[in-house]
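Notes follow the structure.
Bear in mind that the values in this text are calculations on the coordinates, not laboratory data. Note that the structure is predicted; figures quoted are calculated from it, not measured. Cβ coordinates were reconstructed from backbone atoms using ideal geometry, including for glycine residues, and neighbour counts include every protein chain displayed.
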Amino acid sequence: MVGGTFDPLHAGHRKLLTRSFELAGPGGCVVIGLTTDEFAGRKSHPVRPFAERRRALEGFLRARKFPAEFRIEPLADRYGPAVGEDFDALVVSEETLAVGVEINLIRQERGRRKVDLHQISCVLADDGRWISSTRIYRGEIDPEGRLVG
């Protein structure tokens, strides 16, 4: 399981998703929580509508032809289905590791088993700082982390 806003879909997102599919393996299934418009609206930058973000995400996934299946679900809060659904692993970044830890604590409180947390390192832009959607929207970098301007 993995979650995010994925707007714009950048090199860090691609790394996160690729790792999710590597862990799922052939015949597995990756559940992708995609933030709803309301939840994503809390961001400090504009976010495209859910349907557009979903189409871009599906386009990337189909182009990569991962051997695992995937399911995209609306993510309306920090935890989504991760606190109650049965699954094996949650893939997080350095930025979202704390949320993964919270998810496992909630699962434990509810009598559910903890899931494995797989943390990827954030992808760095040419200036050595993390690639982020906020930086892309500010015009500092492009989705590959190259400096703009």
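Which shape class applies to the chain: rounded if a/c is under 1.5, otherwise prolate when a/b exceeds b/c and oblate if not, where a ≥ b ≥ c are the square roots of the Cα gyration tensor eigenvalues?
prolate
In degrees, nearest 10, range 0 to 90: what is the angle between the Cα axis of helix 11-24 and the longest Cα principal axis of the chain?
Here the helix axis deviates by roughly 30 degrees.
Starting from 0.36 nm per residue, how many nanometres of slack lie between Ala68 and Ile106 once their C-alpha separation is accounted for?
On the way: separation 38, 0.36 × 38 = 13.68 nm, distance 2.77 nm.
Extending this stretch completely gives an extra 10.9 nm.
Between the DSSP loop rule and a limit of at most 16 other Cβ atoms within 10 Å, which chymotrypsin sites (Phe, Trp or Tyr not before Pro) in segment 86-147 are left? Could you put the intermediate results ahead of the total?
Values: sites: Phe87, Trp130, Tyr137; in loops: Phe87.
When the chymotrypsin sites (Phe, Trp or Tyr not before Pro) of segment 86-147 are filtered for loop state and at most 16 Cβ neighbours within 10 Å, Phe87 remain.
Stretch Arg78-Cys29 to full length: gain in nm at 0.36 nm per residue minus the Cα-Cα span? Before the final figure, lay out each step's value.
On the way: separation 49, 0.36 × 49 = 17.64 nm, distance 2.11 nm.
Value of the extension gain: 15.5 nm.
What ranking, highest mean first, results for peptides 108-118, 66-76 when packing means the other Cβ atoms within 10 Å averaged over each residue?
On the way: 108-118: 12.2, 66-76: 15.5.
Ranked by mean Cβ neighbours within 10 Å, highest first: 66-76, 108-118.
Counting DSSP beta bridges in the chain, what percent are antiparallel, to the nearest 5?
Around 10 percent of the beta bridges assigned by DSSP in the chain are antiparallel ones.
Under a point-charge model restricted to the Cβ atoms of Lys and Arg (+1) and Asp and Glu (-1), what is the dipole moment magnitude of segment 2-137 relative to its Cα centre, in debye to the nearest 20?
220 debye
Order of 31-44, 48-61 by packing, highest average Cβ count within 10 Å first?
Highest-to-lowest ranking by the protection proxy: 31-44, 48-61.
From the residues Val99, Pro46, Ala63, which one has its Cα farthest along the dipole of segment 2-137 in the positive direction, the dipole being from +1 and -1 charges on Cβ of Lys/Arg and Asp/Glu about the Cα centre?
Of the candidates, Ala63 comes out farthest on the positive side.
Once phi is turned into θ = phi - 60°, what whole-Hz ³J(HN,Hα) does the Karplus curve with 6.51, -1.76 and 1.60 give for every residue of segment 126-134, x standing for Gly and Pro?
Calculated HN-Hα couplings, in order: 4, 8, x, 9, 4, 6, 9, 4, 4 Hz.
Which peptide among 123-129, 101-107 comes first, and what is the full order, when sorted by highest mean count of other Cβ atoms within 10 Å?
101-107, 123-129
With just the Cα atoms defining each centre, how far is segment 37-55 from segment 5-34? Give it in Å.
18 Å
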